[in-house]
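The values are calculated or read from the model by the stated rules, or taken from the named source; none is laboratory data. Because the structure is predicted, anything quoted here is derived from the model rather than measured. As a convention, Cβ positions derive from the backbone with ideal geometry for all residues, glycine included, and neighbour counts pool all protein chains shown.
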Amino acid sequence: MLLPQIIPQTPADATGSQTLEHILEPTSGLALWLTSHRQPAWRGKAIDRWLFARRSQTFADMTDLPLELRSQLEASYRIWTTSIVKHNSSEDGTEKLLLQLHDGERIECVLLREQERRTVCISSQVGCAMGCVFCASGIDGVVRNLTTGEILEQLLRLAHLLPATERISHIVVMGMGEPLANLDRLLPALATAQNPDGLGISQRRITVSTVGLPKGIDRLCADNPGYHLAVSLHAAEDRLRTQLVPINKSTGLAEIMASADRYWEASGRRLTFEYVLLGDVNDSTDHAHKLVRLLGGRAALVNVIPYNTVAGLTYREPTPHARERFLEVLRAAGVNVQVRRRKGARIDAACGQLRRIAMQSDPLSQPTQ
Ligand code: SAH
């Protein structure tokens, strides 16, 4: 099996002059390397298990591999391309990592603890091109897509925060970036996460959250509709939605809802629609009625997200009164509503916040591209 995060240790890599994508190219895969080193193919599976199920951080730890093979692997590959720049923990058990990538870019990922659940929230891009006006991730635009390896490394880094008796139970692709704009690299990472010899996270426990890119939704639908799809709406009419989510100008709600319906038909699984409540912007009872009309009786869950304040932005949370009235309209109309509990607010766990704060306080961390 392909292990994209294992990067061949080349001289160019050591100087950091090649990109991760470039370095990755010749690796497809470890299986070839094993054959050329006269090793049986099943060793690849064993290495998978060590990395993902047993969470070993070095080849030296892989004690059932022959000693010589371990040192050959150590000399030829490196497991980590990221380093942990910041590790914040909050009292509610939420932990957030700011990771530095091989080219100096930074991304965030989060571990959330909720009863038995161990959910990880991962990023798919450095920055974001969607430009949602209330979100920290997109303020400076998108820098680049993450590689499959970088997506997997987030999972491994977060898995390492758990004691050996606990495992990641759920993945949400709700960190920085637009996952459907980077499906080529995301899908292999999510496939790896499902490997029963590795992290073993079943598809129905993986949520892909999108701003609503109809072509991307259709592609996911054709490729693999087993993932749980969450569509970020934030407004139920095009005029307001285009103000809040500028990419809406080129898509429009009708097309988004039609592709969401196709996904629902293919997957047979209830869709989630996310709605960040912004005080005096999209939180009136009128907005709620429009949302009810847009949903039109679909078997969907509306996930109302409390707004996490972003430094430098003037949006704010609705008053508790406005929030309750909004929810009341949805509930009265029979809409399934869930209010996402705020987690890790004090550690700036909303996507993109930690990276921005670090960028502002550390000029060396400014994006280089
Ligand atoms: N691009 C994808 C996934 C990343 S954002 C998407 O748009 O769905 C994940 C969710 O967090 C989205 O619903 C997004 O709108 C929301 N979000 C972004 N900034 C936020 C903030 N400051 N407070 C609360 N939710 C936020």
Just give me the residues in the range 250-273 being in contact with a helix residue (DSSP H, G or I) (Cβ under 9 Å, 6 or more places away or on another chain), within 15 Å of the ligand (Cβ to nearest atom) and more than 14 Å from residue 290 (Cβ to Cβ), in sequence order. 251, 256, 259, 260, 263, 271
Among the residues in the range 190-207, are any part of a helix (DSSP H, G or I), closer than 30 Å to residue 281 by Cα and not charged (D, E, K, R)? no
Among the listed residues 300, 258, which satisfies the condition of being exposed (fewer than 15 other Cβ atoms within 10 Å of the Cβ) and of a type in the set (Gly, Ala, Ser)? 258
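Residue-by-condition table, conditions (1) part of a loop (DSSP other than H, G, I, E, B); (2) among the β-branched types (Val, Ile, Thr); (3) modelled with pLDDT of 60 or more:
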position: 314; (1), (2), (3): yes, yes, yes
position: 324; (1), (2), (3): no, no, yes
position: 327; (1), (2), (3): no, no, yes
position: 331; (1), (2), (3): no, no, yes
position: 337; (1), (2), (3): no, yes, yes
position: 346; (1), (2), (3): no, no, no
position: 351; (1), (2), (3): yes, no, no
position: 357; (1), (2), (3): no, yes, no
Could you tell me which residue of the range 261-289 is surrounded by the fewest Cβ atoms within 10 Å (Cβ to Cβ), considering only residues that are assigned to a helix (DSSP H, G or I) and aromatic (Phe, Trp, Tyr)? 264
List pairs: first residue in the range 218-244 and assigned by TED's automatic domain parsing to the domain that holds residue 300 and of a type in the set (Phe, Trp, Tyr), second residue within 16 Å of the ligand (Cβ to nearest atom) and at pLDDT 95 or above anywhere in the structure, Cβ distance under 6 angstrom, at least six positions apart or on different chains. 227/206; 227/208
Just to be sure before I move on: is residue 89 at negative phi and surrounded by fewer than 17 Cβ atoms within 10 Å (Cβ to Cβ) in the structure I sent? yes
Residues satisfying the stated conditions in the range 290-312, i.e. of a type in the set (D, E, K, R) and assigned to a helix (DSSP H, G or I): 290, 293
Which of the residues spanning the range 214-246 are near the ligand (Cβ under 9 Å from one of its atoms) and part of a loop (DSSP other than H, G, I, E, B)? 233, 234, 245
Listed by first then second residue, the pairs whose first member lies in the range 167-178 and is assigned by TED's automatic domain parsing to the domain that holds residue 212, whose partner is of a type in the set (Val, Ile, Thr) and more than 15 Å from the ligand (Cβ to nearest atom), with beta carbons under 9 Å and at least 6 positions apart or on separate chains, are 167/201; 168/201; 169/201; 170/201; 171/201
Residues to consider are 202, 209, 250; find the one that is touching a strand residue (DSSP E or B) at 6+ places or on another chain (Cβ under 9 Å) and polar (S, T, N, Q). 209
Inter-residue pairs, beta-carbon under 8 Å, first away from the ligand (no atom under 12 Å from the Cβ) and in the range 299-320, second β-branched (Val, Ile, Thr), 6+ apart: 300/272; 300/335; 301/272; 301/337
Could you please find all residues in the range 186-213 being within 16 Å of the ligand (Cβ to nearest atom) and surrounded by fewer than 20 Cβ atoms within 10 Å (Cβ to Cβ)? 187, 206, 207
